[in-house]
Amino acid sequence: MNISSLGNVPNITSQITTGAPQAGFRCDPSAAARSAGKSVAPGTDISGIGTLKSIDEAARQGYREDFSIRDAAESLWRKETQTFHLKDLDDPEKSKEFLENWRLQARWDLGIQGGPTKDEVISAYIDTLRQNGLDGAVDWNGLAHELKSFQATSPEELEDGLNYMASRYVAALDKLERNYSGEELTAQRAKLEEVYQAGKSGMIDGYTRLLQDNLGISNSDAQAVRDSFSSILTEKEDAYRGALKQVNEAVEQTGPDSVWLKNHDAYIASQLRAACKAGESTARYSVQDLTAAGQIAQDYRAEIDGASSCGRNEVTLGLNLAMADMKAETMISKGLVSDSMAALLRDSRAQGHENALAVLNRALAQRESHRATGEPKGTYAPVDSAVFRGIYDAVMSAYRQNGGDAAKAIQAGASAGEKLTAQAAARAPKAARWGISMKHYLQEFYKAPEEQEVTLLGLQIKYLTNPKPRTSTYQKYVNSWQDFLSSIGGGVDIRA
């Protein structure tokens with residue numbers, strides 16, 4: 001990997017008193033991290049439950065941007081005092097101690113006075129760490145849980161997730177190599193590789209499925225995506241290895257805290273992310289390419305999910321998928337993705353559209369086979385691909401002709417929709433989803449919903465809920481496009 005520079009490690013000696021921020025992720029992951037909703041395995045740190053965090057986020061040590069020395073100590077304290085094993089149920093003293101510590105943490109989180117303060121407890125715990133240090137063992141269950149939490153990585157957290165995963169691997173390997181030797185080191189390395197490869201595979205496979213299931217990319221393109229992920233992670237691993245000496249030397253300057261910090265692999269990983277600034281990747285698809293593809297895939301997934309319950313029809317699919325593809329075309333024109341990614345996005349469109357229409361067709365067939373009493377045969381007519389294609393083509397044609405104005409392009413799609421849906425209604429006169437209902441939708445396309453009759457109760461509800469101003473369907477498209485343009489900002493970084 002081309003390493004443009006290794007940034008100076010910040011003054012971490014002062015963190016114990018100042019709490020100076022240390023590098024982790026660029027943004028608060030709580031906005032993007034997804035809770036997997038899985039049950040908690042025996043031995044899992046469940047402190048995140050008490051603090052109302054998602055289990056996944058709570059599992060990632062050093063995830064936050066400000067993972068300081070004090071945070072590192074607190075993570076150890078939580079693990080030691082709030083990790084509960086089923087076997088502890090047979091030990092009344094351990095059960096009591098766990099509950100007391102859990103309640104203590106809850107009081108701190110809720111700001112309830114009484115008992116020792118958090119500062120007092122953590123400060124005393126740090127004194128113990130300075131005296132006893134940490135051994136060189138890796139918490140395999142904890143590390144496996146951390147890496148597994150990235151199997152549903154969103155586009156917004158993709159690069160940070162890759163950085164986190166690679167830095168955790170390099171820091172853990174360095175810890176093992178400093179504390180073990182001979183056959184024992186060989187066995188420990190093998191275990192680390194097993195855990196790391198499982199985490200990598202989960203992340204890569206999950207993200208590739210996002211693209212393949214929703215964009216409809218080919219098997220060969222999917223393999224190219226996997227290969228790019230592997231190359232990017234290898235490059236990041238090499239970059240972090242290059243920063244190890246610098247980080248370890250900085251940790252040695254932390255005085256009494258160096259006794260335990262040197263074996264806190266999650267903390268070392270956070271310092272690697274602070275120190276290491278990687279250059280451009282040589283992979284076929286860059287992180288920015290994969291981020292862009294993931295964002296378009298999310299738009300497609302929303303349409304496919306909606307179609308699966310008949311929450312979409314040919315009109316809305318035509319407009320919304322055109323909207324997603326106009327975003328892709330805009331990113332391509334601004335040079336935000338490589339030529340290779342531009343080709344992938346364009347080449348997969350036909351299959352992506354087909355996937356969405358197929359889902360809608362299955363949902364309509366299901367509805368048709370379970371018609372309500374009195375509904376005639378043909379109420380839920382099969383997909384009319386001519387309607388979808390006509391609207392989609394009208395939008396994309398207008399977009400290309402007007403210089404990339406998506407709002408005006410949507411107008412062209414709505415105009416085409418009036419003619420095409422009237423033709424569909426003539427072809428399937430018994431289909432309730434055409435005719436009057438669709439005509440009304442398109443006629444009201446530019447109108448904001450009317451306010452209901454104002455009553456005292458209505459005013460009270462409006463005051464309490466502070467609802468957003470009512471907007472037309474068309475205005476929602478305009479707002480969405482403006483939000484997208486704002487997100488790509490200066491045309492360099494498309495990440496949130």
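When segment 399-443 is filtered for residues that are among the hydrophobic types (A, V, I, L, M, F, W, C), in contact with a helix residue (DSSP H, G or I) (Cβ under 6 Å, 6 or more places away or on another chain) and farther than 13 Å from TYR477 by Cβ, the ones remaining, listed by number, are ALA416, LEU420, ALA424, TRP434, MET438, LEU442.
Quick grid of which residues meet (1) charged (D, E, K, R); (2) in contact with a Pro (Cβ under 9 Å, 6 or more places away or on another chain):
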| residue | (1), (2) |
| --- | --- |
| ALA406 | no, no |
| GLY413 | no, no |
| GLU418 | yes, no |
| LYS430 | yes, yes |
| TRP434 | no, no |
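For segment 365-391, the set of residues classified as at pLDDT below 95 and either on the phi > 0 side of the Ramachandran plot or under 32 Å from the mean Cα position of the chain (by Cα) (or both) consists of GLY374, GLY378, listed by residue number. Residues that are aliphatic (A, V, I, L, M) and either open to solvent by 30 Å² or more (accessible area, probe 1.4 Å) or modelled with pLDDT under 80 (or both) within segment 77-108 comprise LEU86, LEU89, LEU99, listed in sequence order. Within segment 289-299, the set of residues being within 20 Å of SER220 (Cα to Cα) and either surrounded by fewer than 20 Cβ atoms within 10 Å (Cβ to Cβ) or not aliphatic (A, V, I, L, M) (or both) comprises ASP289, THR291, GLY294.
Evaluating SER309 against the criteria (1) surrounded by fewer than 14 Cβ atoms within 10 Å (Cβ to Cβ); (2) at pLDDT 95 or above leaves one unmet condition, (2).
For the residues LYS327, LYS334, the requirement of being open to solvent by 20 Å² or more (accessible area, probe 1.4 Å), touching a helix residue (DSSP H, G or I) at 6+ places or on another chain (Cβ under 9 Å), within 30 Å of GLN443 (Cβ to Cβ) and of a type in the set (D, E, K, R) singles out LYS327. The set of residues in segment 423-438 that are open to solvent by less than 60 Å² (accessible area, probe 1.4 Å), among the small types (Gly, Ala, Ser) and part of a loop (DSSP other than H, G, I, E, B) comprises ALA428, ALA431, GLY435. In this entry, VAL315 passes the filter for residues that are open to solvent by less than 10 Å² (accessible area, probe 1.4 Å) and over 28 Å from MET165 (Cα atoms). Consider segment 437-458 and keep the residues that are among the aliphatic types (A, V, I, L, M) and modelled with pLDDT of 80 or more. The one that is nearest to the chain's Cα centre (by Cα) is ALA448. Quick one: would you say GLY413 is touching a residue at least 24 places away in the same chain (Cβ under 8 Å) and open to solvent by 20 Å² or more (accessible area, probe 1.4 Å)? Spelling it out, it is not the case that GLY413 is touching a residue at least 24 places away in the same chain (Cβ under 8 Å) and open to solvent by 20 Å² or more (accessible area, probe 1.4 Å). The C-beta contact set for segment 236-252 (first residue closer than 13 Å to ALA166 by Cα, second residue part of a helix (DSSP H, G or I) and of a type in the set (Phe, Trp, Tyr), distance under 8 angstrom, 6+ apart or interchain) comprises GLU237/TYR169.
The values are calculated or read from the model by the stated rules, or taken from the named source; none is laboratory data. Just so it is clear, the structure is predicted and the values come from calculations on it, not from any experiment. We place every Cβ from the backbone using ideal geometry, glycine too, and count neighbours over all the protein chains shown. Each accessible area value is taken on the protein alone, full model and side chains, heavy atoms only, with ligands, DNA and RNA left out. Shrake-Rupley method; radii C 1.70, N 1.55, O 1.52, S 1.80 Å.
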